[in-house]
Structures are given as C-alpha cells and as structure tokens.
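Step one of this worksheet: look at the structure below.
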Amino acid sequence: MEDKEFCEWEVKMGTKILVVDDEKEIADFVELYLRNESFEVYKFYSGKDALKAVHENHIDLALLDVMMPDMDGFTLLNEIRKSYNFPVVMLTAKTGSMDKINGLTLGADDYIEKPFEPLELMARVKAQLRRYTRYNDAGTREEQDTLEIAGLALNKNTHRCMYGDEEITLTPIEFNILWILISQKGKVISSENLFEQVWKEKYFKNNNNTVMVHIRHLREKLGAVMGHRELIKTVWGVGYKIEES
C-alpha cells in the first residue's frame, strides 16, 4: 500500500525544492539530479537570497548547506522555522554530532553528510515529501482528523496545531510525534516505538538522541504558548506520555 501511495505522489508536478549551497559545483550537481526527477528547483549560493525566495514562493522542501559565509545554514533554518513548516534537510561536510543536534533542535527534519550519494539524497528528499504530503492532503484521510487535549487542538487535514486562538508552528516530524502521543494519551510510548512510527526506519540505540532532540524542541514550542505546564512527560527508562491532567 505504501509503495502505491508513493508512486501516485511521484507523478505530481510542480513540487518546489529550495537548494542553498555556496559551493557552486555541489549546488549545480544537486539541481541536476532534482530536475531529472521532475522537481522544480530554486537554487541559491547565498542564504540571504534564499530567504527572500522562501517568502516569495511556495517551497515544498529545502536542502540547506550548513557552512555559508553570509548566513549559515542554522541561521537560515531558524528564520524559516519562524513562519514555515515544510521539510528541511541539512547538508554538511562536518561529521560532529553537535552539528547534527543543533540542526535537529532548530527544526531540521533530516541531516546528510558530504560527500553523499545522489541516489541516497533523492531517496531522503522523496521520503520527507511523502511524509509531509500525507499530513497535508485532506483527501486521503480515513482516520480521525482532529485531536484535542488540555486546550491544544491538532488537525491532520490542515496540519495545524492550535492552543486557543494561537497557532503553534510544527515541523512534520514534530506534528507526527505529538499526534502519536495524544492519540495514545495515558500510555507510555517508547523511544523505539516513536522512532519507528515517525521515521519508518528500524530503531538503533543512537536514534534515541534523535527522538530526544525532537521531544525537547517540541516541549519548547508548546511551553512558549502553554506556559509552565509540561504536556509531554518523560517516564525514565521507558519513554514518553501525555496525560489529560
């Protein structure tokens, strides 16, 4: 079923990908592969120019280089997340875990180290777009569309998270994590369970950090609106849960 849905998504035209890398050869190389897959590409060698394009166009996914002279990828990601929730994949020549954690904390959905295989990059791009499309396509939902708890409301059709009249901007991964926890409120969901449901990949021990970073970022966003109340609770050594009270 998943393969059939993916094929149906692949034939859609006009999907817009933002590519930002100050290394011209890499940006041109990535653009070539994306266009071969029938994506519409917005390519920039400057973070500032790219941010302007984000505000002027409907972007579906962004590929951001971390190291850029005028505006680094983390700063650009932070600016994007102030207003937009489309998937963002970071590209970096660094292998340090702190860079990965920084990107995930700021709202990145995936992280690819240079040099990378073009086929792997295309697979990651399509996987992120597929997840994002599923949460925004109102016409394919047969499950419950809205969840509410403690004044918080999630709508899968619109991919909106509301607390009263205030909207909380979430990335697709953050939205999915919150949806799973609320839909199973009162139950403890392990990091392994969360990872395999959200990322659709086999869980390994080092994936626990990925889950922790996204949970932390999600708590920060919720806390900024809901105040001191902590909706997501940690059950040490077991996982995470949400309770009504």
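In this structure, the amide hydrogen of Leu18, modeled 1.01 Å from its nitrogen in the peptide plane, lies closer than 5 angstrom to those of Tyr42, Asp60, Leu61, Ala62, Leu63, counting only residues at least 5 positions away or on a different chain. Kirkwood's formula applied to the C-alpha pairs of region 106-245 gives a hydrodynamic radius of 16.0 angstrom. The listed residues Leu63, Leu106, once ranked by accessible area (1.4 Å probe) with the largest placed first, stand as Leu106, Leu63. For the chain, the longest principal axis of the Cα atoms and the long axis of helix 172-183 meet at an angle of about 10 degrees. Within a Cβ distance under 13 Å of Ile215, other residues only, what is the Lys/Arg minus Asp/Glu net charge? That sum, taken over residues with Cβ under 13 Å, equals +2. Of the cross-linked pairs Lys156/Lys205; Lys16/Lys43; Lys48/Lys221; Lys48/Lys82; Lys82/Lys200, those separated by over 22 Å at the C-alpha level are Lys156/Lys205; Lys48/Lys221; Lys82/Lys200.
Could you give the angle, 0 to 90 degrees to the nearest 10, between helix 24-36's Cα long axis and the longest principal axis of the Cα atoms of the chain? Taking the Cα atoms of the chain, the angle to 24-36 is about 70 degrees. Only one of the listed values, (i) 17.8; (ii) 18.8; (iii) 22.3, was derived from the coordinates as Kirkwood radius over Cα pairs in Å; which label is it? Correct label, based on the coordinates given: (ii).
Report the residue, chosen from Gly223, Gly107, Gly151, that carries the largest GNM mean-square fluctuation when the chain is represented by alpha-carbon nodes joined by springs under 10 Å. Checking each option, the largest mean-square fluctuation is seen for Gly151.
Taking the longest Cα principal axis of the chain as reference, the axis of helix 47-56 is set at about 70 degrees.
Subtracting the Cα-Cα distance of Met122 and Tyr84 from 0.36 nm times their residue separation leaves 11.5 nm of extension gain. Taking a Cβ cut-off of under 14 Å around Glu174, the surrounding Lys, Arg, Asp and Glu residues balance to a net charge of +3, with basic ones at +1 and acidic ones at -1.
The values are calculated or read from the model by the stated rules, or taken from the named source; none is laboratory data. The structure displayed is predicted, hence computed values, not measured ones. Note that each Cβ is placed from the backbone with ideal geometry, even for glycine, and that neighbours are counted across all protein chains shown. Surface accessibility is based on the protein's heavy atoms, side chains included, excluding ligands, DNA and RNA. Shrake-Rupley method; radii C 1.70, N 1.55, O 1.52, S 1.80 Å.
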